[in-house]
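Asks: The structure that follows is given in the form of C-alpha cells.
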Amino acid sequence: MCGRFVITLPDDAMARLFDAVPANDLPAVPNFNVCPTNRIHAVVSAEGRRRLVAMRWGFLPHWYKT
C-alpha cells in the first residue's frame with residue numbers, strides 16, 4: 001500500500017456529517033501526513049447505530065511474514 005492523505009475535519013463535524021457517536025480515543029486532527037499503519041477515523045454501523053471510531057489504516061497481505 002502506498003500513498004498518504006490529509007485529515008482536517010474536526011471530530012465533532014465528522015460525527016455530525018455521518019450522524020455518528022464519536023469515540024473517546026480518536027486520533028488528533030488536523031493530520032497533514034497520514035500514512036499506512038496510522039490510526040484514522042472510521043464510521044462503523046452496528047445494531048442500527050453509527051459510531052465514529054479509530055482504526056489502523058492499512059493491511060497485511062497473506063504472504064507477509066511478521
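Asks: Within region 1-51, take every residue that is among the aromatic types (Phe, Trp, Tyr) and assigned to a strand (DSSP E or B) and give me the one that is nearest to TYR64 (Cα to Cα).
Replies: PHE5
Asks: Can you tell me which residue is surrounded by the most Cβ atoms within 10 Å (Cβ to Cβ) among those in region 33-66 that are more than 22 Å from ASP19 (Cα to Cα) and more than 14 Å from the chain's Cα centre (by Cα)?
Replies: LEU60
Asks: Condition first: in contact (Cβ under 8 Å) with a residue 12 or more places away in the chain and farther than 21 Å from THR8 by Cβ. Now tell me which residues in region 31-49 satisfy that.
Replies: Within region 31-49, just ARG49 meets the criteria.
Bear in mind these aren't lab numbers, they're just calculated from the coordinates by the rules spelled out. Being a predicted model, the structure only gives us computed values, none of them experimental. When we count neighbours, we look across all protein chains shown, and the Cβ atoms used for this are built from the backbone with ideal geometry, even at glycine.
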